[in-house]
Amino acid sequence: MGGYTRRDVLKLGGGAAAAGLGFPAVLRAQQKEVIMLGLWSFTGAFSDVGPVLDRGMKLALDERGMKVQGKSIKYITRDDETKAGSATRRAEEAVDSDGAKFIIGPWSSGVALAVSEVAKRKKVFHYFSGGTEDISGARCHRYSFQWAASPYTAAKTVVDTFMQANPKAKRWHLLVADYAFGWSVEKYVKEVGKGHGIEFVGADRHPLGEREFSNYVTKAAGHKPDVVVMINFGLDAVTGAREIFNFGL
């Protein structure tokens, strides 16, 4: 890559950097316009987040005049349904049929891991959030870039800040989304928590898209925790928080 590092690419900024530094797929491209795929959850567990991310992407492109490296940008979207199978299929279709050279998204870490493999195989640029350490660790490769905080950073920031404000809240029960993001953050919440003398009195994992949290909350209450920690996101977090509030925890 001409002596450039991944950090250089990120400093220069997503699509423009990739186009300028010559990723193989970009070098082969002959289109007069650059096709960018926004792969978002318009349905499924993260359907509340997908439209917001799509609007943000459109705003960012509009601010750049819908151009990169002198070429016009054509922005297309697909619904990943918050499912790895749907996301990989639609990513491949966009690359093969629409000529997409850049994939932005998905939001879900587990889904993003699957799409990352498509980017690697198709040799196209992949830029996404994601909260699992595998993305930038064991399954890292030259075509995918992660912009979100690492699971360790996210866990440490929350745990340290909370304990500064609530030093006596030592009994914690965890409610964890059962996929890549949840596993990684759970690991580091427990690791950081040990330094604060936190006792983890229980932990439950729930499937992505869970809509009934009463059993989880009842079990958590039985452990008499000082804190119920939710390691989830989107509608799962909204539904879980509502149930915890209704239960009086």
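Data for the structure
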| read-out | value |
| --- | --- |
| Over the chain, relative contact order from alpha-carbon pairs under 8 Å, at least 6 apart, % | 16 percent |
| Sequence-separation-based contact order of the stretch 102-242, relative, with Cα cut under 8 Å and 6+ spacing, percent | 22 percent |
| Qualifying trypsin sites (Lys or Arg not before Pro) for the stretch 101-180 [loop in DSSP, other Cβ within 10 Å: at most 13] | K168 |
| Sites S72 and S97, calculated FRET efficiency, Cβ-Cβ separation with R0 22 Å, nearest 0.05 | 0.70 |
| Highest-MSF residue in the chain out of G50, G131, G195 [GNM, Cα springs under 10 Å] | G195 |
| Residue with peak Gaussian network fluctuation, the chain [Cα springs, cutoff 10 Å], from H196, H173, H206 | H196 |
| Estimated FRET transfer efficiency when R0 is 45 angstrom, pair A169-S136 (beta carbons, to 0.05) | 0.90 |
| The chain pair-distance distribution - Cα-Cα, 10 Å bins, rounded % | 7, 28, 31, 19, 11, 3, 0 |
| Between 0 and 90°, nearest 10: helix 84-98 axis offset from the chain longest Cα axis | 10 degrees |
| On Cα atoms only, tilt of 180-194 relative to the major axis of the chain in degrees | 50 degrees |
| Greater than 21 Å apart at Cα, pairs in K170/K190; K156/K224; K83/K187; K32/K67 | K156/K224; K83/K187 |
| MRE, 222 nm, helices only [DSSP H, n ≥ 4, -39500 (n - 2.57), over the chain, to nearest 500] | -14500 deg cm²/dmol |
| Global form of the stretch 151-247, assessed from the alpha-carbon gyration tensor, a/c cut-off 1.5 | oblate |
| Cα centroid separation - the stretch 162-189 against the stretch 69-133, whole Å | 30 Å |
| Of all DSSP beta bridges in the chain, antiparallel share, percent nearest 5 | 5 percent |
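FYI, it's all coordinate maths here, none of it is from the lab. Everything quoted here is computed from the prediction, not taken from an experiment. Please note: Cβ atoms are built from the backbone with ideal geometry, for glycine as well, and neighbour counts cover all protein chains shown.
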